[in-house]
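Only one structure is covered here, and it is reproduced in the block below.
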Amino acid sequence: DTEVTQTPKHLVMGMTNKKSLKCEQHMGHRAMYWYKQKAKKPPELMFVYSYEKLSINESVPSRFSPECPNSSLLNLHLHALQPEDSALYLCASSQNPGGADTQYFGPGTRLTVL
Amino acid sequence: EDQVTQSPEALRLQEGESSSLNCSYTVSGLRGLFWYRQDPGKGPEFLFTLYSAGEEKEKERLKATLTKKESFLHITAPKPEDSATYLCAGWQGGSEKLVFGKGTKLTVNP
C-alpha cells in the first residue's frame, strides 16, 4: 500500500481565516513533505520533515505553519493567506530522509483564498 | 544550477501511435531519476525510479530508460487513458530535494 491521504479535498477561505490541511500515511515512512503547485507548473517544495523534525523550510512565509504531531501525520496551518496562495497543496512521504527514495504523493487539497 | 528539462512541452498522438518523452538533466550528484504521471487537479502518481545509466523499467505501455545525461519515457501504442502530464524529477545528492521538470502534457486522441 502506497497511499497518502489528504483532507480536505477542497478548501475556500477568506484572508482573515485560520484553517489547517491534514496529511496521513501508514507506510512507516520517516520523511514527509509539503509542496505547493500552481496551475501548469511543477510542484514546488515548501517543507521537509525528517523523523518528525523540520529539516527544510524553503523560505516559506510565516502565514504557513507546518506541524508533525507523529510519524504518520503532517499538518499545515494556514493564517492570513493572500489570494496568490491559492493553489493545489500536495503532501508526500518517502521511506528514509536524505535518501533517493521514491516520494509518494497524496491527492492534494485545492485551496482557494478569497 | 541543477536543472531538469523536459521536451516537448506538449505532445498530441493518435491512439496506437508510439512516441517518446525526453528528460535531460544537469543535477549534480544525481542519485535517482523519477517519473510521475499527473492528471488535472490530482496528485502526481509514481511511475518509475531509475538509479543508474543503462537501467530500464517497464509498466504496461510505458518504458523508462536512463543515460548519463537524459531519460526517456517511451509510450507504445498509447490509449486515450494515457492522456496526462508526465513529470520527470531528479534527486540531488546530499539534499532532500527533488528537482522537477516542467512536464510534458500528453494528449492521445481516439
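Laid out as a table, the results:
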| read-out | value |
| --- | --- |
| Cβ charges +1 (Lys, Arg) and -1 (Asp, Glu), total dipole of chain A, debye | 380 |
| Eligible lysines near residue A:38 by straight Cα distance, threshold 25 Å, same-chain separation 8 or greater | A:9, A:18, A:19, A:22, B:42, B:97, B:102, B:105 |
| Counted charge near residue B:65, where neighbours are those whose Cβ lies closer than 11 Å (Asp, Glu -1; Lys, Arg +1) | -2 |
| Average beta carbon contacts from partner chains per residue of A:37-44, 10 Å cutoff | 5 |
| Neighbourhood charge, 10 Å Cβ-Cβ cut-off, centred on residue B:109 and excluding it, Lys, Arg +1 and Asp, Glu -1 | -1 |
| Stokes-Einstein D (µm²/s) once Rh is taken as the Kirkwood radius of the protein assembly as shown over alpha-carbon pairs, at 10 °C in 1.306 mPa s | 88 |
| If the convex hull is drawn through the Cα atoms of segment B:16-110, its volume per residue in Å³ | 88 |
| Most to least packed among A:48-54, B:84-90, B:60-66 [average Cβ atoms within 10 Å] | B:84-90, B:60-66, A:48-54 |
| Residue order, fewest to most beta carbons within 10 Å, for A:56, B:75 | A:56, B:75 |
| Cα pair count fraction exceeding 15 Å, expressed as % - segment A:41-114 | 59 |
| Relative contact order [Cα under 8 Å, 6+ residues apart], chain A, whole percent | 37 |
| Exercise: per-residue mean of other protein chain Cβ atoms within 10 Å, A:95-104 | 5 |
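No value in this document is a laboratory result; all are computed from the given coordinates. On a predicted model such as this, the values are computed, not experimentally measured, just so you know. Cβ coordinates were reconstructed from backbone atoms using ideal geometry, including for glycine residues, and neighbour counts include every protein chain displayed.
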